[in-house]
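Accompanying notes for the structure given below.
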Amino acid sequence: MDKEIKELLKNTRTSEELASDCEELEPFDFENDVEYVTWFTEGMLIEDILKIMKEQNITKDELALRMGRSKHYVSRILNETTTFTFEKVAEVAIALGVKIEIRIDEK
């Protein structure tokens, strides 16, 4: 597996770790904070993408090739240094051969 993917996975915190950190903070209504909900959702998507890449043994180079994009473009998505859009999520999902499942549930 690509060394960079392993490094990203090693340094990427799981949603459980992030939630645990949030419990230690002063009371704040995270569920109603747009920035937090956006950040958390993007993080969960990246976590899913990295897990799928690991399971399929796909490197960033391979993903970029499948997407017809540069490795830099893929790195910006995986490092969350670009604006996350449904279009980018769809691009990645198609390149990985997976479906996107988005639901909104009650709190």
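Values in this text are rule-based calculations from the coordinates and carry no lab data. Only a predicted model underlies this, so the values are computations on that prediction, with no experimental measurement involved. Here the Cβ is made from the backbone with ideal geometry for all residues, glycine too, and neighbour counts use every protein chain on show.
Just a few scattered comments:
- Förster radius 35 Å - calculated FRET efficiency between GLU16 and HIS72 (Cβ-Cβ, nearest 0.05): 0.70
- Annotation: lysines with alpha-carbon distance below 27 angstrom to LYS10 (same-chain offsets under eight excluded): LYS51, LYS54, LYS60, LYS71, LYS88, LYS99.
- Exposure rule at most 14 other beta-carbon atoms within 10 Å, DSSP loop GluC sites (Glu not before Pro): the chain longest free segment: 25-79
- Shape category assigned to the chain from the gyration tensor of Cα positions, a/c cut at 1.5: prolate
- Long hydrophobic helices in the chain, taken as whole DSSP H segments with a C-alpha length of 24 Å or more on their own axis and mean Kyte-Doolittle hydropathy at least 0.0: 34-56.
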